[in-house]
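These notes are about the structure you will find just below.
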Amino acid sequence: MAGIVSVNQLVKTYDGGFQALKSVSLDIEDGEILALLGPNGAGKTTLISVICGMVNPTSGTVSVGGHDIITDFRAARQLIGLVPQEINLEPFEKVINTVRFTRGLFGKPRDDAMLEKILRQLSLWDKKDSRIMELSGGMKRRVLIAKALSHEPRVLFLDEPTAGVDVELRKDMWEIVRDLKEDGVTIILTTHYIEEAEAIADRVGVISKGEILLVKEKAALMAQMGRKELEIELQSPLTEVPAALADYALCVGDSGRSLIYSYDTSAERTGITKLLSDLAAAGLVMKDVATRQSSLEDIFVGLVEDAQ
């Protein structure tokens, strides 16, 4: 069954021949949080812009809630809220009027109670009569979110929503995202803060050079592709790995006081038991051991490097 957003064989080629999207296919499920990761120029913003009707595709199809974005664009766009990267707001307008105007653009009747709920949720209610120019950068981003939610969309796109936002405001925004998910809103976000995607996303998509490299449930992705590192702290420092341990592809840690061994947790044998035995046979004395799970960032970097 197709998701609430269905992208099929989507291609976007700009004048001059640059192909920003190369046959992208993607289904986004109702009510999920999908984190779309990729380096600068990967095609993230172009993909969002096509789905939201701001850029025309060269070929392929996109539907939102069963409505084609070309042949039934009004119904499709009605279901979408977008928080763009750029802050583009009328500086002299009041916050409440800015949000109220956006709701009206979608043909929605005036509903001040609903707008109050949104502004309170975003900690903007006490700023409702302030002019946009009087707000901080973080507060302006909250206004962008309020505008995107003003017409009660079922799908919310967040394109780098925490860029330039301080840590405290960033944490507040992700709490808001969790609340929206509980309300049944489908959320697609792009972010350079990969730890945020790791903390909040249900699924992760990786895009590079206009192509989707994978889309997978976060937990399954990390279980399948994640690796662990065993760091062995030594009693005495080393300058190089002893020849007797060359087969383990060990790395010497900082100051030569540790050896780092990478292993696959899903493998039948990790090799740790034999490594520790050979370590002792080589005359090395352990002081401590610790393990570290590879992060989503490690997986992301590896995927993108492999795609180069």
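Quick rundown of the values:
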{"item": "Evaluation of LEU10 against (1) of a type in the set (A, V, I, L, M); (2) modelled with pLDDT of 95 or more; (3) closer than 19 Å to LEU158 by Cα (one fails), failing number", "result": "(3)"}
{"item": "Pairs with Cβ under 7 Å, 6+ apart, first in the range 126-153 and touching a residue at least 24 places away in the same chain (Cβ under 8 Å) and not assigned by TED's automatic domain parsing to the domain that holds ARG77, second small (Gly, Ala, Ser) and not in a loop (DSSP other than H, G, I, E, B)", "result": "none"}
{"item": "Residues that are closer than 19 Å to LEU34 by Cβ and touching a Phe, Trp or Tyr at 6+ places or on another chain (Cβ under 8 Å), drawn from the range 68-91", "result": "ILE80, GLY81, LEU82, VAL83"}
{"item": "Output for the range 121-138, where each listed residue is at pLDDT 90 or above, assigned to a helix (DSSP H, G or I) and not basic (Lys, Arg)", "result": "TRP125, ASP126, ILE132, MET133, GLU134"}
{"item": "Those strands (runs of 3 or more DSSP E) lying entirely in the range 1-120 with at least 3 residues surrounded by fewer than 17 Cβ atoms within 10 Å (Cβ to Cβ) and assigned by TED's automatic domain parsing to the domain that holds GLU182", "result": "5-13, 19-28, 59-64"}
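The values are calculated or read from the model by the stated rules, or taken from the named source; none is laboratory data. Computed from a predicted structure; not experimentally measured. Reconstructed Cβ throughout: ideal geometry from the backbone, glycine too, with neighbour counts over all protein chains shown.
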